[in-house]
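One structure is given below, encoded as structure tokens.
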Amino acid sequence: MEAEELHQHRVAARFAALDQDGSGYVSREDFTTAARRLLSEFGTPYRSDRGQAVTLGAEAFWQGLAGIADVDGDQRVSREEFAHGAVKRLHDNPERFAEIARPFVRAVLAVADPDGDGRAETAGVERALRVLGVEPGAAARAAGALGVDGDGRIDEERAVGALARYFVVA
């Protein structure tokens, strides 16, 4: 696979991960769907502190993405807008991605963190990734790579950094 073809393949995979309903667009509803799926999977009530954090984190992630990629203002991000807007801008400024994603990542880790110490177990993160539509083998590899320090726990900085590297494709 040549470099441009590989890049397009990566962009398509990142876009598909966000397009929860497969509509061909990323919208607020995709982020709402992701939040609902996570809360359901982990038995977290919507009205709980953790439930509200997931919901608000998903909304912040959507607002950040729409702010940098929704060029035509239709409240949805097409694959083209994603490839030419979000990916390029996030590549040029990866710290911006961390800022956009951090509230959602923090909330997901809290839901997947059984003892509330701020570090989720690898198994919980793998489970969350599967719920978000990541293929089971890829979810296992990703979660395992995040727990590289050997204790099977994943902290926020490591998770945000990994997610930024995933979405900031070259």
Task: 4 °C / 1.567 mPa s Stokes-Einstein diffusion coefficient of the chain, Kirkwood radius on C-alpha pairs, µm²/s - done: 80 µm²/s
Task: Ellipticity estimate at 222 nm from DSSP helix runs (n ≥ 4, -39,500 (n - 2.57)) divided over the chain, nearest 500 - done: -20500 deg cm²/dmol
- [ ] Write down the accessible area per residue of segment 19-166 in Å², having rolled a 1.4 Å probe over the full set of protein chains.
- [x] 50 Å²
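What's the extension gain from residue 3 to residue 135 if we count 0.36 nm per residue and subtract their Cα-Cα distance?
Answer, rounded to one decimal: 45.1 nm.
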TODO: Tally up the carbon and sulfur contribution to the accessible surface of the chain as a whole percent, 1.4 Å probe, everything protein left in place.
DONE: 52 percent
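Between residue 95 and residue 48, what is the FRET efficiency for a Förster distance of 22 Å, r being their Cβ-Cβ separation, to the nearest 0.05?
Efficiency at R0 = 22 Å is approximately 0.10.
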Task: Distance between modelled label sites at residue 23 and residue 63, nm, 7 Å Cα→Cβ extension - done: 2.0 nm
Task: Distant alpha-carbon pairs in segment 81-120 (separation over 11 angstrom), percent - done: 66 percent
- [ ] Pairs of Cα atoms under 8 Å, at least six residues apart: use those to get the relative contact order of segment 60-130, whole percent.
- [x] 24 percent
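The values are calculated or read from the model by the stated rules, or taken from the named source; none is laboratory data. Computed from a predicted structure; not experimentally measured. As a convention, Cβ positions derive from the backbone with ideal geometry for all residues, glycine included, and neighbour counts pool all protein chains shown. Just so you know, the surface numbers come from the protein's heavy atoms only, side chains and all, with ligands and any DNA or RNA stripped out. Shrake-Rupley method; radii C 1.70, N 1.55, O 1.52, S 1.80 Å.
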